[in-house]
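Okay, so here's the structure we're looking at.
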Amino acid sequence: MWTKIRRVMLHYFAESKWYTIVLASLFYAVTSWLLLWAAEEQSLTGSIDFLYWLAVTGSTVGYGDLSPQTDAGKLIVAFYVIPLGLSIFAMVIGRIAAFVGNQWRKGLMGLSTLSVTNHILVIGWNEQRTLLLLKLLLQERESLPERPDIVLCVRADITNPMPGQVEFVKVESFNRDEDMDKACIAEASTILIDNPQDDLTLTTALYCSQKNPSAHQVAYFADESLVGLLQQHCPQVECTPSVAVEMLAKAAFDPGSSTLHHDLLSVDDDGQAQFSLSLPASNDAMPYQQLFFAFKRYYDATLIGYAPSGRTQDVTLNPSLDTLIAPQDKLYYIAKQRITDIDWQAITESDNV
């Protein structure tokens, strides 16, 4: 009989399930009340007083404002209430610690399902290049009034490279709903795709365009020949092929070109960098000349081009001054830092000189 009881106890208490703890706590409370009632401890068996006294006694806090008065009551507390209460209290603390630790490990290993919206989703793992990308995204985010979450989604066998800074999801496939839903792909505002294999980048970009067509998508290709293929099916995807060779050729005839381009792409505090913004939908169309001089006068920023609304792949650099910029067109400019508090009313009322 004792062997059977021990097996049952081990079965239910070994893993400290929540329902086991609840049942044990109820059993503990009921039996403690019955024993105190039998010992005629009327001051401890009132409903509210009993719950309060049992909590502070079972956890060994023991304020002392309520205590047993009879010898039988003192023995019950010493040999039953405190030992059993301490065991249950330790079980609860251990279960909470195990739950928190398990959730932390799941997040670190990318096994959790996230609950984020309007986030930046980075798909793929290229080791040091991806680490640099995440670092740059974190730096860029500092200049935004609303800082979106950054989520890294990988297939590689790694743990979160930046715990506490970016969210992390590990999947088996970039084209399977049950995997990608863990990264909230349908709610992402921006999707960046960069894989070691261009064919994987291509298929992932096609899937993402179908799953979240409204997101701003950017895909990196080492082989530029695949850019045209992707844009035939998904013209809204912004493709960034490798420009290393072009940069070498440009620097050969125009010394300093590589330094110039690196400075424009950098988000460090020193030097100038390239940023973008959209002409508000509430504004009227404005000539490029008016915007050009107003940006320089008020913000010491230089406009370098624009893109029609919704067609960021059709960027026009150095347009003529009489070009009309429509509401929601994207403007690209060079400045020391991102401009977040533009006074459009002042720009609208400014002259062109």
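Helix 244-253 versus the longest principal axis of the chain: what is the Cα-based angle in degrees, 0 to 90, to the nearest 10?
The angle comes out at about 40 degrees.
On the full set of protein chains, 1.4 Å probe, figure out the accessible area of Glu127 and give it in Å² to the nearest 10.
120
Pick the calculated Rg and Dmax of the Cα atoms in Å for this structure from [x] 32.1, 100; [y] 20.2, 61; [z] 22.5, 92?
[x]
Give, in whole angstrom and from largest to smallest, the semi-axes √(5λ) of the equivalent ellipsoid of region 237-336, with λ running over the eigenvalues of the Cα gyration tensor.
Equivalent-ellipsoid dimensions as semi-axes: 26, 17, 13 Å.
Counting only protein chains, not ligands or nucleic acids, how are Met109, Met162 ordered by accessible area (probe 1.4 Å), most first?
Met109, Met162
Search the structure for amide H atoms under 5 Å from the amide H of Gln217, placed 1.01 Å from N in the peptide plane, and list their residues when 5 or more places away or on another chain.
Ile191, Glu238
If I ignore ligands, DNA and RNA and count only protein heavy atoms, how much of Cys184 is accessible to a 1.4 Å probe, in Å² to the nearest 10?
About 10 Å², rounded to the nearest 10.
5 Å is the cut-off here: which amide hydrogens, built 1.01 Å from N in the peptide plane, fall below it relative to Gln272, excluding neighbours closer than 5 in sequence?
Close amide H contacts, sequence-distant or interchain: none at all.
Apply the Karplus parameterisation 6.51 cos²θ - 1.76 cosθ + 1.60, with θ equal to phi minus 60°, to every residue of region 185-191 and state each ³J(HN,Hα) to the nearest whole Hz, in sequence, with x for glycine and proline.
4, 5, 9, 6, 8, 9, 10
Which length gain, in nm to one decimal place, applies between Leu75 and Ala90 when the Cα-Cα distance is subtracted from 0.36 nm times their residue separation?
Answer, rounded to one decimal: 3.2 nm.
Rounded to a whole number, what % of the accessible area of the chain do carbon and sulfur atoms account for, probe 1.4 Å?
58
Got a sec? What order do Arg141, Arg129 fall in by accessible area at 1.4 Å, biggest, i.e. largest, first?
Arg129, Arg141
Which whole-number percent is the relative contact order of region 160-227 (Cα, under 8 Å, 6+ apart)?
Contact order relative to length: 30 percent.
How much of Asp199 can a 1.4 Å solvent probe reach, expressed as accessible area in Å² and rounded to 10?
Roll a 1.4 Å probe over it and Asp199 shows about 100 Å².
Hey, if we sort His262, His119, His216 by accessible area with the 1.4 Å probe, largest down, what's the order?
I get His262, His216, His119, largest accessible area first.
Working from Cα positions, state the angle (0 to 90°, nearest 10) between the long axis of helix 128-141 and the longest principal axis of the chain.
90
Which value in deg cm²/dmol, rounded to the nearest 500, describes the helix-derived mean residue ellipticity at 222 nm for the chain, given -39,500 (n - 2.57) per DSSP H run of n ≥ 4 and division by the residue count?
That comes out to -14000 deg cm²/dmol.
Per residue, how much accessible area does region 182-238 have with a 1.4 Å probe, in Å²?
Value for region 182-238: 43 Å² per residue.
Express in nm, to one decimal, how much length is gained between Asp284 and Glu246 on full extension, taking 0.36 nm for each residue of separation and deducting their alpha carbon distance.
9.8 nm
The values are calculated or read from the model by the stated rules, or taken from the named source; none is laboratory data. Because the structure is a prediction, the values reported are computed rather than measured. Surface areas here come from the heavy atoms of the whole protein model, side chains and all, with no ligands, DNA or RNA. Shrake-Rupley method; radii C 1.70, N 1.55, O 1.52, S 1.80 Å.
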